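Data block below; observations after.
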Amino acid sequence: MRRGTETRKARRGEPGLLAQLRRPPGGRDARIMLLAQLLDRAGTGVWAASSILYFTFVVGLDAGQLGLLVGAAGVAGIAGSPLAGHLADRFPVRSLLIGCHLLRLGTLCALLLVTRFDVLLLVVAVTYLGDRAAKTLEMLFATRVAGERRSTYQALSRSSANAGYALGAGLAAIGLAVGTRGAYQVLILANALSFLVAAALVWRTREPRGRGLVAARPGDAAPQAAGGEAADPGPAGAAGRGPWRDRGYLRFALLDIPMNLDDSILGVGLPLWLVHHTTAPHALVPAFLVINTVLVVALQLRVSAKVQGPRQAAAAVAAYGLTTLACCVLLATATGGGIWTASAALLAAAVLATAAELMRSVSSWELAVSLAPREARASYLGVAGMAQSVQKSAGPLLLTGAVMTAGPAGWLALGVAVAGLSLVQRRASLRRLDALAEADRPYVPGLRP
């Protein structure tokens with residue numbers, strides 16, 4: 001009882017966002033990495049806000065070519081995470097991350113010279129492959145630098161990333177207001193410059209050794225059974241087979257895909273549902289992004305403080321499913337009322353989608369780390385990182401092709417499905433955590449397990 005009281009007091013006494021950004025888990029290296037992420041996301045925000053218009057009005061692509069371009073980028077992004085994890089098992093994370101920044105610097109500069117569509121397709125695909133690989137490597141670095149406080153670091157990372165996106169979108173708005181070819185090229189160069197500065201900042205960090213390693217140290221020994229033979233470590237023994245042959249971890253990664261659908265609901269579902277199925281004013285659409293950005297920056301650290309360790313992360317997965325269900329119910333009911341009723345339902349749905357995102361952001365990576373064998377975490381985390389990339393490609397298609405076609409019933413079905421799968425994910429995660437804990441327990445002769 002006393003311990004719980006002390007924990008609550010400690011949480012109430014935790015410093016605020018700005019104070020923790022000055023002294024993040026991991027110290028100097030974490031602070032440099034957070035600044036690099038802020039600049040990286042600012043450049044990405046510039047590109048996200050201007051790329052479609054650039055390809056349309058400057059390059060002259062039609063709708064079909066744009067669709068193919070976006071599709072190729074999505075597929076390349078899916079490959080980025082496992083590739084980064086595979087390489088991180090063999091090379092320093094810091095060096096790989098610098099390489100990703102420089103790769104994207106080169107491909108963005110090449111965009112200024114490319115006119116052929118087939119070459120443009122390749123350049124954009126490589127850019128997005130590097131983008132997704134960089135995000136995975138950043139989190140691998142965090143697991144090493146922040147150690148057991150990785151959830152706090154993740155919260156700080158998301159807050160700085162959202163601030164970067166907002167800054168980038170604001171800068172892009174200035175260029176788009178000018179609207180000339182030169183203005184678009186300046187925006188591309190601004191994004192490229194962000195990668196150059198981020199690479200320089202990452203170069204100043206030091207890759208830690210010992211505490212918080214992604215991979216096991218060479219001297220780590222396996223648990224010993226009677227007679228000096230290595231004991232069967234259960235799920236941890238999957239490290240010898242790799243993540244692609246570990247069915248338990250692959251099940252987690254697959255179930256994590258629908259646990260990322262809040263991204264598509266907020267970015268695609270809400271705006272399209274408002275425009276085509278409700279009487280709410282179109283001017284409400286930007287409010288969804290404002291709500292999301294403000295709430296993530298203001299609340300991410302607090303939510304993270306309440307989710308400590310993998311078992312609480314598993315509970316947060318179930319809460320994610322129920323919150324997503326409530327969001328979908330509101331969307332389904334937004335079609336039945338007038339302007340004010342529809343507007344209120346949609347704004348409340350945006351709040352719930354953001355709440356789901358807050359819970360997902362602290363649960364998904366914590367479970368991805370905790371459910372992976374210690375001696376092969378880098379390659380396992382690369383596989384787990386695919387969930388977000390797959391969702392970004394398949395989520396919009398699911399919403400526009402099936403959910404919205406079915407109308408309000410489609411949203412209700414989606415909410416029930418996500419809630420049900422979240423309970424399956426929670427149960428499977430807890431069972432695997434128990435198995436890993438049993439495998440890590442030292443063998444004592446004469447004691448029954």
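The values are calculated or read from the model by the stated rules, or taken from the named source; none is laboratory data. Nothing here was measured: the structure is a model prediction, and the numbers come from that model. Positions of Cβ are generated from backbone atoms using ideal geometry, with glycine treated the same way; all protein chains shown enter the neighbour counts. Keep in mind that these areas ignore ligands, DNA and RNA; they rest on the heavy atoms of the full protein, side chains included. Shrake-Rupley method; radii C 1.70, N 1.55, O 1.52, S 1.80 Å.
Brief remarks follow.
- Within the stretch 88-139, the set of residues being without any contact (Cβ under 8 Å) to a residue 24 or more places away in the chain, part of a helix (DSSP H, G or I) and not hydroxyl-bearing (S, T, Y) comprises G99, G106, A110, D118, V119, L122, V123.
- The residue that is farthest from E138 (Cα to Cα), counting only those in the stretch 53-101 that are aromatic (F, W, Y) and surrounded by fewer than 17 Cβ atoms within 10 Å (Cβ to Cβ), is F57.
- Filter result for S151 (open to solvent by 20 Å² or more (accessible area, probe 1.4 Å) and among the polar types (S, T, N, Q)): no
- From S361, S389, S429, residue being modelled with pLDDT of 90 or more, of a type in the set (S, T, N, Q) and either part of a helix (DSSP H, G or I) or surrounded by fewer than 18 Cβ atoms within 10 Å (Cβ to Cβ) (or both): S429
- Cross-chain or 6+ apart pairs with Cβ under 7 Å, the stretch 32-43 first and within 12 Å of E138 (Cβ to Cβ) and in contact (Cβ under 8 Å) with a residue 12 or more places away in the chain, then open to solvent by 20 Å² or more (accessible area, probe 1.4 Å) and of a type in the set (G, A, S): L38/A163
- Within the stretch 298-310, the residues that satisfy the criterion of being outside any helix (DSSP H, G or I) and open to solvent by less than 40 Å² (accessible area, probe 1.4 Å) are V307, G309.
- Condition check for G410: closer than 29 Å to L69 by Cα, assigned to a helix (DSSP H, G or I) and open to solvent by 50 Å² or more (accessible area, probe 1.4 Å): no
- Candidate set: the stretch 330-354, residues that are polar (S, T, N, Q) and outside any loop (DSSP other than H, G, I, E, B); chosen: the one surrounded by the most Cβ atoms within 10 Å (Cβ to Cβ): T354
- Within the stretch 269-297, being open to solvent by less than 60 Å² (accessible area, probe 1.4 Å) and either within 18 Å of the chain's Cα centre (by Cα) or within 30 Å of L18 (Cβ to Cβ) (or both) holds for A287, F288, I291, N292, T293, L295, V296, V297.
- Boolean, L167 is more than 14 Å from the chain's Cα centre (by Cα), over 21 Å from S95 (Cα atoms), modelled with pLDDT of 85 or more and open to solvent by 40 Å² or more (accessible area, probe 1.4 Å): yes
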